[in-house]
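Engineer: Would you mind keeping the following structure in view while I ask a few things?
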Amino acid sequence: MAGQSRKLNVAMIGAGFMGRAHSNAFQQAGHFFDIPYELKLKVVCARKREAAEQFAAQWGWEGSQTDWRSVVAREDIDLVDICTPNHTHAAIAIAAAEAGKMVLCEKPLAMNYAEAQRMARAARNVPTVVWFNYRRVPAIALAKQLVDRGKIGQPYHYRATYLQSWGGDPKVADAWRFRQSEAGSGAMGDLLSHSLDLALLLNGPITELTSTLKTFIPKRAVDDAVLLLARFANDSVGTFEATRFATGCLNRNCFEIHGSNGAIRFNLEDLNRLEVFDGGDAMEIQGSHNVLVTGAEHPYARHFWPPGHILGYEHTFITTLADFLACLAEDREFHPNFDDAAEVQKLLDAVETSAKNRTWIDVSK
Ligand SMILES: NC(=O)c1ccc[n+]([C@@H]2O[C@H](COP(=O)([O-])OP(=O)(O)OC[C@H]3O[C@@H](n4cnc5c(N)ncnc54)[C@H](O)[C@@H]3O)[C@@H](O)[C@H]2O)c1
């Protein structure tokens, strides 16, 4: 690793799906990016000793522990990464920030806006990251560049759908994701939070919204699906749909933006592609370009493989971490951080209130 200098001692809390994705990122970032830190994977924390030990051995962590409080209190730890269920984020993040650690946390940041604000306040003096990893899909980063360059002109419509289908599967019926006390919400915090983060990135602030929630399984305490109408500060209008009951869809995280000069469309199930319609093309060749976003001129791609050698889900965590470490080295603020994620949480609170009261909510202040 060229330019390597300071050691950063990392602790990770949680060793499930995200624990694997993050461990891979910690291992890989320095292979693909010239990061000025030597990451030391000091300790992974999970509740069951044997599982924690096995995980540590498999993913290259120096040691394992079962109590996050003692991990966060360790003097040799610089950075605490949280990939546990949602209800645990606040306590761990606040304790870590108060101990002076940098804090990386999975989404949704918190159980509600008040909790997110508390976390952001506690962490105001330490660098923070929220793993809204889809921002760093190369095709989405390209979409952001095109929007910022005015390629689509004045946006009229923002349309996001995040469609999964596992919500009715009886085998996962008891997962923490279905318990209100541990997840806070269902499709809303899990899926809509990603769509809202991308919408804020690509289309700017939302001023007003109304929504409806639906739970298909009787007695289930969290939403299975959420529908949302929104108005944006840039005078465009948006629709959002997030569901765990979209039969036939596995992880179809999509958005489209239609503007006065063009349009773009993205689907995570085909994540190396961005569809771009350029209204400036001659009439006889007008149509969507299906851009394979793997070229040297595209965001992030040159760090990995030659053009056309496609990237996957895991790369989004590597690029997020690499960008964070670059910001850290250059004393720049990283986004999305706790403040950014608190804005998403504010919208989620409004979605819930709006659905309950069947009203529009002003979220402009
Ligand atoms: N960025 C993304 O796209 C994405 C994808 C999936 C999940 N997530 C988020 O990541 C977080 C974790 O989700 P997951 O899918 O990895 O869950 P998971 O169920 O696969 O893993 C959770 C892990 O946390 C551990 N854990 C739970 N309570 C703990 C405690 N008190 N102390 C130590 N460890 C504890 C469990 O043992 C398990 O290892 C959630 O907030 C979720 O919303 C984000």
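Taken together, the values in this text are just the output of simple stated rules run on the coordinates, not laboratory data. Everything numeric here is computed off the predicted structure, so don't read it as measured data. A quick note on method: Cβ atoms are made from the backbone with ideal geometry, for glycine too, and the neighbour counts reach across all protein chains shown.
Engineer: Could you calculate the FRET efficiency of residue 239 with residue 48 from 1/(1 + (r/R0)^6), where r is the beta carbon distance between them and R0 is 51 Å, rounded to 0.05?
Structural biologist: Efficiency, rounded to the nearest 0.05: 0.75.
Engineer: List the extent of the Cα atoms of the chain along each of their three principal axes, largest first, rounded to whole Å.
Structural biologist: 62, 52, 40
Engineer: Going by average Cβ neighbours within 10 Å, how do the peptides 214-226, 253-265 rank, with the highest at the top?
Structural biologist: 253-265, 214-226
Engineer: Under 1.5 on a/c is rounded, so check that first for the stretch 171-242, then, if it is not, pick prolate when a/b is larger than b/c and oblate when it is not; a ≥ b ≥ c are the square roots of the alpha carbon gyration tensor eigenvalues.
Structural biologist: prolate
Engineer: Among 365, 40, 7, what is the fewest-to-most ranking by other Cβ atoms within 10 Å?
Structural biologist: Neighbour counts put them in this order, fewest first: 365, 7, 40.
Engineer: Tell me which of 26, 113, 14 sits at the most positive position along the dipole axis of the stretch 6-133, charges placed on C-beta atoms (Lys, Arg +1; Asp, Glu -1).
Structural biologist: It is 113.
Engineer: Right, another one. Suppose R0 equals 51 Å. What FRET efficiency, 1/(1 + (r/R0)^6) with r the Cβ-Cβ distance, do residue 365 and residue 302 give to the nearest 0.05?
Structural biologist: 0.75
Engineer: A 25 angstrom limit on the alpha carbon distance is what I want to check against. Which of 7/144; 7/101; 107/151; 107/356; 214/346; 219/356 exceed it?
Structural biologist: In this structure, 7/144; 107/151 exceed 25 Å between Cα atoms.
Engineer: Given the Cα-Cα distance of residue 332 and residue 38 and 0.36 nm per residue of separation, how much length would full extension add, in nm?
Structural biologist: Extra length from residue 332 to residue 38 when fully extended: 103.9 nm.
Engineer: Residue 67 to residue 176: extension gain in nm, 0.36 nm per residue of separation minus the Cα-Cα distance?
Structural biologist: Here the segment from residue 67 to residue 176 would lengthen by 37.3 nm.
Engineer: When ranked by the protection proxy of mean other Cβ atoms within 10 Å per residue, highest first, what sequence do the peptides 299-310, 122-133, 138-149 form?
Structural biologist: Taking the mean over residues of other Cβ atoms within 10 Å, the ranking is 122-133, 138-149, 299-310.
Engineer: Oh, and also: If packing is taken as the mean number of other Cβ atoms within 10 Å per residue, what is the order of 87-100, 104-117, highest first?
Structural biologist: By packing density, highest mean first, the sequence is 104-117, 87-100.
Engineer: Would you mind calculating the relative contact order of the stretch 159-249 from Cα pairs under 8 angstrom and at least 6 residues apart, reporting the percent as a whole number?
Structural biologist: 40 percent
Engineer: Could I ask something else about it? From zero outward in steps of 5 Å, how is the percent of C-alpha pairs of the stretch 6-133 spread across the bins?
Structural biologist: P(r) for the stretch 6-133, in whole percents per bin: 2, 12, 23, 25, 21, 12, 5, 1.
Engineer: Full-extension gain between residue 309 and residue 284, please, as 0.36 nm times their residue separation minus the C-alpha to C-alpha distance.
Structural biologist: This chain segment gains 5.9 nm when fully extended.
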